[in-house]
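Novice: Sharing a structure, written as structure tokens. Questions coming.
The values are calculated or read from the model by the stated rules, or taken from the named source; none is laboratory data. All figures in this text were calculated on a predicted structure; none of them were measured in a lab. FYI the Cβ positions are ideal-geometry reconstructions off the backbone, even for glycines, and counts take in every protein chain you see. Quick note on the areas: whole protein, heavy atoms, side chains included, nothing else; ligands and nucleic acids left out. Shrake-Rupley method; radii C 1.70, N 1.55, O 1.52, S 1.80 Å.
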Amino acid sequence: QLIKGEVTLKNVTFGYVPGKTVLKNINVKAKPGQKIAFVGSTGAGKTTITNLINRFYEIEEGEILIDGINIKNIKKDSLRRNIAMVLQDTHLFSGTVRENIRYGRPDATDEEVITAAKIACAHSFIERLPQGYDTVLEGDGANLSQGERQLLNIARAAISKAPILILDEATSSVDTRTEKHIERGMDQLMKNRTTFVIAHRLSTVRNADQIIVLEHGEIIEQGTHDELIKMGGRYYQLYTG
Ligand code: DCP
Ligand code: MG
């Protein structure tokens, strides 16, 4: 069992297909509990980095370490247990709302399910469903809105005890009012977890411990919000629009 959640990327170079490099020489060190934000234009390689941390793809060059252990030597089911994620395209299965939330934590009590749903601002819409938490979701949550599906994925992350969290446009389908409402829950979700966050709205990454600016698969700037603003480079441009 991994417990600290220190994540290190060392000289990672990667492409999905031979001859087309998508990430070039990426170095990142996330200390346990830190919040690391990736920003940069569409296609810059943000999601790709998180795909590699998840080991959805194998890297040829460089290495990724979790608590000092090369992820190639960590069993996939152990990785799944230790990394929670909320992505833009949601993952739900046909089963009840309750089962979907406690996926990965089958031991979770009903109370824990409700607490997680409240953190995710999902409790009130769940209660309005015909059978509440026992409502059966059709394949991939087809009977829910896209935003509601994301909230269920957030609830699932909240109930998980994974020390590492990946948020890739986690609230992109949620309306602005709910997004405002969920901010406290997101802070609670990230608390004590090493978090990698990708968000187009830069206000949500402002308080990150490290902001990493990617362009064409390379890190071009790295620092805190204040440092990057002072630098007056690409982040400053993105931030001031
Ligand atoms: N790519 C690919 N094969 C995939 C996924 C991506 O060839 N299965 C390519 C498309 C892009 C590059 O990799 O040129 C980087 O893609 P990312 O998804 O990592 O880009 P971002 O996440 O930064 O972009 P966005 O902000 O649009 O999500
Ligand atoms: Mg992406």
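Novice: Leaving out ligands and nucleic acids, and using a 1.4 Å probe, what accessible area per residue does the range 7-240 come to in Å²?
Specialist: Dividing the accessible area of the range 7-240 by its residue count gives 49 Å².
Novice: Of all DSSP beta bridges in the range 7-240, what percent run antiparallel (nearest 5)?
Specialist: Of the beta bridges lying entirely in the range 7-240, close to 55 percent run antiparallel.
Novice: Could you give the distance between the Cα centres of the range 67-114 and the range 176-241, to the whole Å?
Specialist: 24
Novice: Can you give the three extents of the C-alpha atoms in the chain along their principal axes, from longest to shortest, in whole Å?
Specialist: 51, 42, 32
Novice: Can you spot the lysines whose alpha carbon is less than 24 Å from LYS35's alpha carbon? Ignore those fewer than 8 places along the same chain.
Specialist: Qualifying lysines at Cα under 24 Å: LYS4, LYS10, LYS24, LYS46, LYS72, LYS76, LYS118, LYS161, LYS180, LYS191, LYS230.
Novice: Follow-up. Compare the peptides 43-49, 133-139 by average per-residue count of other Cβ atoms within 10 angstrom and give them in order, highest first.
Specialist: 43-49, 133-139
Novice: Order these peptides, 213-225, 71-83, by their mean beta-carbon neighbour count within 10 angstrom, highest first.
Specialist: 213-225, 71-83
Novice: Taking the mean number of other Cβ atoms within 10 Å as a proxy for protection, how do you rank 196-203, 153-160, 123-130 from highest to lowest?
Specialist: 153-160, 196-203, 123-130
Novice: Can you send over the carbon and sulfur percentage of the accessible area for the range 7-240, probe radius 1.4 Å, protein chains only?
Specialist: Using a 1.4 Å probe with all protein chains present, the range 7-240 comes out at 48 percent carbon and sulfur.
Novice: So, one more: Using θ = phi - 60° and the Karplus curve 6.51 cos²θ - 1.76 cosθ + 1.60, what whole-Hz ³J(HN,Hα) does each residue of the range 22-33 get, with Gly and Pro shown as x?
Specialist: My calculation for the range 22-33 gives 9, 10, 10, 6, 8, 10, 9, 10, 9, 6, x, x Hz in order.
Novice: Subtract the Cα-Cα distance of ILE3 and GLU127 from 0.36 nm times their separation in residues, and report this length gain in nm to one decimal.
Specialist: 41.2 nm
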